[in-house]
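The values are calculated or read from the model by the stated rules, or taken from the named source; none is laboratory data. This is a predicted model, so every value here is computed, not measured. Cβ: placed from backbone, ideal geometry, glycine included. Neighbour counts: every protein chain shown.
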Amino acid sequence: MKTILNGRPSRPKATGLKGKSLLLAVLCAVVFHWQSISQEPRVIMAKDSILPIDLNEVIVISSYKRTLEHNSHHKPLSTLDQYLESSKKVNLIKRGGYAWEPVLNDMTTERLSVTIDGMRIFGACTDRMDPITSYVDVSNLSDIHVACGQQGAEHGATIGGAIDLRLEKSNFRPDGWVGSIETGGETNNASQIIGGELNYSDEKFYVDTDIIYRKAENYVAGGGEEVAFSQFEKYNLSVNAGYKVSEDQKLLASFIFDEARDVGYPALPMDVSLARAFIGSVSWIQTDFMGDFKNWETKLYANSITHIMDDSQRPDVPIRMDMPGWSDTYGYFSQATLKRNNHQFLLKLDGFYNRSLAEMTMYPNNPNEREMFMLTWPNVRTLNNGFYAEDVIDFKGSSLKLSTRLAVQGFNVADEMGLNSLRIFYPEMAQRQTRFLKSFSARYHKKLKSVHLDGGLSYGDRAPSVSEGFGFYLFNSFDNHDYVGDPDLRNEKAIELNTKISVPIKKLNFSLEGNYFHTMDFIVGEVNPALSVMTIGAEGVKVYKNLEHANLYNISLDTKYQITPEFVWTGLVSYHRGTDQDGRNLPFISPFTYNSMLQYTQGKFSGSLTMRGAADQVNFNPEFGEDRTDAYTVFSLSLGKSFSINNDDVYVKTGVENIFDEFYSTYTDWNNIPRMGRNFFMTVSYAIN
Amino acid sequence: MKTIKYLVTTLFLTASFISCTDDSDDPIPIVEENPLAEYTMLKAVKANNHSIELYSEQEQFTIGYNELFIRIKDEASESYVSDANISWNPVMHMTEMMHSCPKSEVSKTENASVYKGSSIFQMPGNADEYWELNLEYTIAGQTYNATERIEVKAPVDGKKRVSVFMGTDETRYVLAMMPMKPEVAVNDFSAVLFKMENMMTFPAVEDYKIMIDPRMPGMGNHGSPNNEDLTYDPASKMYNGKLSLTMTGYWKINLKLLNDNDEVLKGEDVTEENEASSLFFEIEF
């Protein structure tokens with residue numbers, strides 16, 4: 001399982017997970033395939049790797065051959081969100097053209113652990129308009145690790161799983177100077193992308209720099225309707241450096257600056273005038289540590305996010321308002337591995353301190369009245385200290401992974417006005433509280449000839465998020481309710497079962513995977529009819545509460561068929577269901593979905609034809625603002641070719657998405673905003689050798 | 001040489017001065033500080049060789065509830081009089097009639113030279129109509145009288161903190177909000193209620209009930225949770241309750257007055273159709 005840390009992921013791991021939509025059509029391309037065939041991947045598999053045991057998925061962003069970036073995706077310079085969307089496990093809630101919110105196992109931000117290189121970072125928007133994935137870009141990243149359920153507990157407490165965004169590093173490869181320029185454009189939203197990187201690396205020292213700029217206008221839905229306020233503009237730059245103090249001691253540092261301006265959110269009543277992040281870290285890595293401990297890594301990090309929502313561009317609002325938010329996090333982790341006989345241990349200490357503050361100022365239409373002001377996040381300080389341990393035990397032909405996380409988490413409502421605000425609802429509320437979090441997981445893997453069997457059982461819990469515990473009149477435009485937190489919520493706890501079988505039959509490989517979450521004290525907002533709405537036009541007020549329990553299950557079938565050496569077909573179907581103790585449907589549960597891709601590769605030419613779609617969403621719940629989302633099917637086509645000019649590599653890729661200009665929206669589209677219609681794109685990458 | 005001499009002398013003198021001050025801390029007579037220094041003197045009534053000083057937390061005599069502090073200065077001895085007995089009666093001189101207002105007795109405070117009372121002015125003065133404060137006080141067995149015009153103004157922010165109305169029982173009432181410093185929190189909220197028996201008599205009304213419904217008209221007329229209606233507290237002789245304010249800004253506190261039989265004397269419920277009660281207070285912060 002630690003393979004991934006040391007080397008680029010191997011191809012089977014990245015692709016061998018799902019699908020078989022035989023009934024549904026053909027088509028599909030394995031996302032990472034171009035480079036894996038046309039080049040010799042520099043897979044540095046860790047020598048000590050035991051059998052692959054986790055259900056992780058790895059989404060590759062930069063290629064093995066580093067000079068040509070981002071050609072793994074069918075649309076190389078697409079946003080990080082689109083890379084995530086190509087994942088088999090991750091869905092994305094869309095509120096517009098930018099900053100989509102990842103969904104894993106039908107669970108979102110507060111039930112996931114989303115990290116950048118293991119660093120905890122928390123969005124500053126009370127309305128979840130700035131998931132962490134919006135503060136990095138494909139230019140920064142080498143790959144994304146997706147882990148389900150308690151398999152993702154390594155970086156923090158989670159219920160649904162973890163997404164770790166791994167930064168790209170030259171890592172002391174003796175490459176010297178390497179530079180590249182990439183540019184791309186799309187017709188539908190007139191988007192322009194330009195990016196470049198300049199890296200220097202030798203065996204003693206490396207420094208990587210990159211920059212990317214994106215600007216997009218409103219996009220047009222299928223049928224030609226323009227989606228107003230779906231524009232965005234962002235740039236991102238990062239610097240990464242490493243110095244080898246001695247042969248087994250490395251000092252690394254990284255810094256990312258990300259800023260988005262003028263981001264429209266067509267599904268929401270407000271836009272964002274500024275979303276800015278500073279993300280920095282310093283780490284010390286040492287191959288040998290005390291005694292038999294190895295691979296000691298210690299990282300200190302800090303990040304600061306400013307997020308400013310405003311409605312100044314909207315022509316018609318009942319009342320003008322500003323909603324700025326800030327989130328600062330400081331943290332550390334220190335980990336080491338230990339190998340004893342057939343055991344491989346990983347021990348990790350980690351902690352973070354977060355400060356979340358958000359406010360809301362409303363400007364009355366009567367100019368003689370004073371501004372209305374409230375704290376929507378009352379300067380909540382979260383302090384978390386945790387211990388994580390795992391042991392992978394290798395038996396012959398099978399392996400067992402045990403892991404646990406124990407953590408203490410404290411909340412402190414630091415702002416007196418904010419505390420008094422909450423005490424309107426909870427007169428006895430304490431300013432501080434402490435919670436204990438725990439996670440235990442066991443996972444067994446067995447290999448029978450070429451068949452892999454996996455099964456796991458785990459238990460985990462999480463504390464309420466800042467919004468769930470301390471949010472004050474947060475408006476949710478999806479169900480049109482104001483939300484109020486409850487500081488006395490119990491921790492949410494989940495028992496999780498998962499299983500997977502993957503069977504290769506000659507050129508056909510299929511794997512069936514399923515998981516089940518029995519979540520006790522499931523946290524969800526419920527209407528309190530006694531409360532008066534704050535937001536003009538809202539239907540009511542919901543207060544977060546613990547449901548007795550909720551059940552979620554996800555099943556997927558992933559198939560891959562190597563038709564000829566040039567043609568590969570992959571298919572994926574998945575089914576999801578989520579209900580509470582009364583059989584009531586939970587929100588944002590995917591309907592039956594399918595994905596099918598046919599890919600052709602020969603020499604330096606590649607092409608893919610993709611079909612994806614979903615059935616009618618029959619299990620929806622109007623109480624959470626949902627309605628029935630109709631079935632859809634969309635097709636995409638892409639063609640790529642690489643060639644050389646003066647010994648420099650050039651890669652050109654072009655294609656069309658939503659070929660038949662279908663007007664559709666999915667269950668994850670906030671307030672049913674339609675998806676993009678037909679879109680032509682082209683990207684050119686030029687690598688200077 | 002001379003310079004050094006001066007310097008030494010100066011140093012010596014300074015040192016001795018400082019030490020003197022330190023040593024003689026207790027014996028020095030402390031000049032009496034004004035116990036009302038934090039308040040504003042609104043008026044000094046000159047009569048009978050006395051100066052009767054009226055202090056308030058506010059900058060003016062304001063319509064609504066006024067807590068007033070009184071001191072009597074003997075102009076001859078330049079000292080403040082202790083243990084006087086004071087009574088007062090503010091009278092509004094209108095063009096066609098005269099009337100008084102609800103007021104408390106004037107009582108002594110912990111400081112024997114400071115007296116305290118409250119008065120609830122229902123209306124401001126204007127060019128033709130004015131308030132006059134009649135004072136009667138007894139010092140050492142001798143009774144004096146003084147009368148002075150005072151200027152009662154509407155509050156600076158123009159917000160309504162007192163209401164004079166005719167109840168459904170054909171009685172005229174004066175309801176005034178007690179001064180408060182509003183915060184985004186659950187605030188203590190109090191009011192005083194009087195009925196107008198005649199032009200000069202305003203007895204306090206006990207054991208009624210005042211229902212409150214705070215709203216923000218500037219923002220969809222939303223309300224707030226966990227308010228407590230005002231009930232009569234015999235100890236403080238006020239109606240006390242709790243007022244929740246969920247944000248800063250302009251709040252209209254809609255009121256309903258109920259008598260001891262729970263009959264509504266004044267005020268209406270706020271509904272979709274009825275934006276506000278006819279009986280209300282206002283707060284802006």
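Residue check: B:Asn126 meets all listed conditions (1) touching an Asp or Glu at 6+ places or on another chain (Cβ under 6 Å); (2) outside any strand (DSSP E or B); (3) without any contact (Cβ under 8 Å) to a residue 60 or more places away in the chain but one, namely (1). Residue count for the range B:253-272 under the criterion of being β-branched (Val, Ile, Thr) and loosely packed, with under 11 Cβ neighbours inside 10 Å: the result is 1. Only one of the listed residues (B:Thr143, B:Thr138) is more than 14 Å from every other protein chain (Cβ to nearest Cβ), farther than 22 Å from B:Met94 by Cβ and free of Cβ contacts under 8 Å to residues at least 40 places away in the same chain. That residue is B:Thr143. Assessment of the range B:270-278 against the conditions (at pLDDT below 95 and of a type in the set (Val, Ile, Thr)) yields at least one matching residue.
Tell me yes or no: at least one residue of the range A:168-182 is of a type in the set (A, V, I, L, M), within 30 Å of A:Ala407 (Cα to Cα) and crowded, with 17+ Cβ neighbours inside 10 Å. The answer is no, given that none of the residues of the range A:168-182 is of a type in the set (A, V, I, L, M), within 30 Å of A:Ala407 (Cα to Cα) and crowded, with 17+ Cβ neighbours inside 10 Å.
Scanning the range A:355-409 for residues that are outside any strand (DSSP E or B) and charged (D, E, K, R) yields A:Glu369, A:Arg370, A:Glu371, A:Lys396.
If you go through the range A:332-366 and keep only what is crowded, with 17+ Cβ neighbours inside 10 Å and of a type in the set (D, E, K, R), you end up with A:Lys348, A:Asp350, A:Arg355, A:Glu359. All of B:Asn89, B:Asn145, B:Asn66, B:Asn134 fail the test of being in a strand (DSSP E or B), loosely packed, with under 12 Cβ neighbours inside 10 Å and not hydroxyl-bearing (Ser, Thr, Tyr), apart from B:Asn145. Would you check if B:Glu183 is touching a residue at least 24 places away in the same chain (Cβ under 8 Å) and within 14 Å of chain A (Cβ to nearest Cβ)? The answer is yes for B:Glu183. Taken together, the residues in the range A:528-551 that are surrounded by fewer than 18 Cβ atoms within 10 Å (Cβ to Cβ), within 9 Å of chain B (Cβ to nearest Cβ) and under 21 Å from A:Tyr426 (Cβ atoms) amount to 2.
When B:Arg215 is tested against (1) buried (at least 18 other Cβ atoms within 10 Å of the Cβ); (2) under 22 Å from B:Glu275 (Cβ atoms); (3) more than 9 Å from chain A (Cβ to nearest Cβ); (4) of a type outside the set (A, V, I, L, M, F, W, C), exactly one condition is not met: (3). Scanning the range B:237-285 for residues being closer than 30 Å to A:Glu416 by Cα and of a type outside the set (Phe, Trp, Tyr) gives a total of 18. In the range A:388-428, the residue that is nearest to the other protein chains (Cβ to nearest Cβ) out of those that are without any contact (Cβ under 8 Å) to a residue 40 or more places away in the chain and surrounded by fewer than 16 Cβ atoms within 10 Å (Cβ to Cβ) is A:Pro427. Taken over the range B:69-86, the criterion of being of a type outside the set (Ser, Thr, Tyr), over 14 Å from B:Tyr144 (Cβ atoms) and surrounded by 14 or more Cβ atoms within 10 Å (Cβ to Cβ) is satisfied by B:Phe69, B:Arg71. Being closer than 29 Å to A:Asn621 by Cβ, assigned to a loop (DSSP other than H, G, I, E, B) and within 14 Å of chain B (Cβ to nearest Cβ) is the requirement here; does A:Asp482 meet it? Answer is no for this residue.
Among the residues of the range A:467-495, those that are touching a Ser or Thr at 6+ places or on another chain (Cβ under 8 Å) and over 21 Å from A:Arg95 (Cα atoms) comprise A:Phe472, A:Gly485, A:Glu492, A:Lys493, A:Ala494, A:Ile495. Tell me the residue from B:Asn221, B:Asn227 that is closer than 15 Å to B:Gly267 by Cβ and at the interface with chain A (Cβ under 10 Å from one of its Cβ atoms), please. After applying the criteria, what remains is B:Asn227. Taking the condition polar (S, T, N, Q), more than 27 Å from the chain's Cα centre (by Cα) and away from every other protein chain (no Cβ under 14 Å), does A:Gln335 pass? Considered against the rule, which asks whether it is polar (S, T, N, Q), more than 27 Å from the chain's Cα centre (by Cα) and away from every other protein chain (no Cβ under 14 Å), A:Gln335 comes out as no. The number of residues in the range A:563-588 being more than 21 Å from A:Asp479 (Cα to Cα) and either among the aromatic types (Phe, Trp, Tyr) or touching a Phe, Trp or Tyr at 6+ places or on another chain (Cβ under 8 Å) (or both) comes to 12.
Within the range B:231-281, the set of residues being away from chain A (no Cβ under 14 Å), in a strand (DSSP E or B) and of a type in the set (S, T, N, Q) comprises B:Thr231, B:Asn240. Applying the criterion of being at pLDDT below 75 and polar (S, T, N, Q) to the residues of the range A:54-108, the residue that is surrounded by the fewest Cβ atoms within 10 Å (Cβ to Cβ) is A:Thr67. Just one residue in the set A:Ala260, A:Ala221 is of a type in the set (A, V, I, L, M) and within 26 Å of A:Ile308 (Cβ to Cβ); that residue is A:Ala260. The set of residues from the range A:348-399 being β-branched (Val, Ile, Thr) and touching a Phe, Trp or Tyr at 6+ places or on another chain (Cβ under 7 Å) comprises A:Thr361, A:Thr376, A:Val380, A:Thr382. Of the residues making up the range A:431-453, one or more are surrounded by fewer than 19 Cβ atoms within 10 Å (Cβ to Cβ), at pLDDT 95 or above and touching a Pro at 6+ places or on another chain (Cβ under 8 Å).
Candidates A:Val533, A:Val543, A:Val503: the one that is β-branched (Val, Ile, Thr) and modelled with pLDDT of 95 or more is A:Val543. Restricting attention to the range A:76-104, the residues that are outside any helix (DSSP H, G or I) and of a type in the set (Asp, Glu) total 1.
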